[in-house]
Every structure is written in C-alpha cells, then in structure tokens.
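The values are calculated or read from the model by the stated rules, or taken from the named source; none is laboratory data. This structure is a prediction, so every number in the text was calculated from the model and none was measured. All Cβ positions, glycine included, derive from the backbone under ideal geometry; neighbour counts span all protein chains shown. Heavy atoms of the whole protein, side chains included, go into the accessibility calculation; ligands, DNA and RNA do not. Shrake-Rupley method; radii C 1.70, N 1.55, O 1.52, S 1.80 Å.
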Amino acid sequence: MSTTATTVSIEEKNKELVAEFMKVFSAGDVDKILSFLSPTATWWVAGTIDGISGSKNKQEFGEMLSSLSSTSKNGAIALKPLAWTAEGERVAVETESYAELENGRTYNNLYHFVFVIKNGEIESIKEFLDTEHTRAVFLG
C-alpha cells in the first residue's frame, strides 16, 4: 500500500508568493505591498525615466509607489501575470498592467519581472518594461 504525499516545491511556494504579491499590488495598498519585501529589498526599473528608473531600496520604492498610485483613478496599477518560469529562488513573470489615470490616459504596459525570494520574502525585483509607453502616459 502506497501513500501519496503532496510536496510543494520551493519553486511553487515562490510562485505563490509572487502571485499573492501581484494581487496585493493590484489593490494599491502600499504598506501591504511593502510587507512582502525583506528589509534589505531592492527594486530596479529599466530605462532612464526620472523618478522611476534605476535601483531603489524598500523605502524609496514605497515612496515611488505612493506617488504613482496617486495618479491612478482607483489608486492602483493592476498587474496580470501571463507566463511564469521559476527555478530555485528566482521567479520570472511576463505581466500586463492596466490603469486609468487621472490625466485621462490609459496605462497598459507589458513587463518581464525577475523576483528573487529568500526566506519567504522578496529580496529583489528587476522590472523590464516599455519605457517609452510609461514616459508618454505618465510624463507626456
């Protein structure tokens, strides 16, 4: 007689964490979003967009999020995961965003995120996106 034990891999746990993070991110609660990040977490955004691109620590990321949230009609940018790849502590996610902004524009971008998870917390995020779309919608 054999017993079937369900073992959840570290990759599955990490994917679940990132999926929950994206769900919370989409709701716009900055403090709850930041609760997923380790104290030493960093968020890096591709490009040369003033106030957005480059590397930020957890506090700087929170300040950027608060600023961006205030530009959205519902206080958030919704993230929809499209495809996943997970290996060890790394989770890569192709993602689509959507937000209607106070300036009358619609933000609908595509991303490739790379998350590094350590000890059940997000340690780092790299965000690759269409920077020209971001610049045009937020700053144009």
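Among what's in the range 43-56 and is of a type outside the set (Asp, Glu) and surrounded by fewer than 14 Cβ atoms within 10 Å (Cβ to Cβ), pick the residue that is nearest to residue 28 (Cα to Cα).
51
Name the residue that is farthest from residue 99 (Cα to Cα), counting only residues in the range 2-28 that are within 13 Å of the chain's Cα centre (by Cα) and open to solvent by 50 Å² or more (accessible area, probe 1.4 Å).
Within the range 2-28, the match that is farthest from residue 99 (Cα to Cα) is 15.
Looking at the range 93-122, which of its residues are within 23 Å of residue 16 (Cβ to Cβ), in contact with a Lys or Arg (Cβ under 9 Å, 6 or more places away or on another chain) and not acidic (Asp, Glu)?
Those that are within 23 Å of residue 16 (Cβ to Cβ), in contact with a Lys or Arg (Cβ under 9 Å, 6 or more places away or on another chain) and not acidic (Asp, Glu): 93, 95, 97, 98, 112, 113, 114, 115, 116, 117, 120.
Taking the range 91-140 as the search range and keeping residues that are hydroxyl-bearing (Ser, Thr, Tyr) and more than 16 Å from residue 45 (Cα to Cα), which one is least open to solvent (accessible area, probe 1.4 Å)?
107
Starting from the range 95-116, take each residue that is closer than 16 Å to residue 68 by Cβ and assigned to a strand (DSSP E or B) and list its partners that are open to solvent by 60 Å² or more (accessible area, probe 1.4 Å) and modelled with pLDDT under 95, counting only C-beta distances under 6 angstrom and pairs at least six apart or across chains.
100/73
If residue 88 satisfies all but one of (1) within 15 Å of the chain's Cα centre (by Cα); (2) surrounded by fewer than 16 Cβ atoms within 10 Å (Cβ to Cβ); (3) under 18 Å from residue 17 (Cα atoms); (4) not charged (D, E, K, R), what's the number of the condition it fails?
(1)
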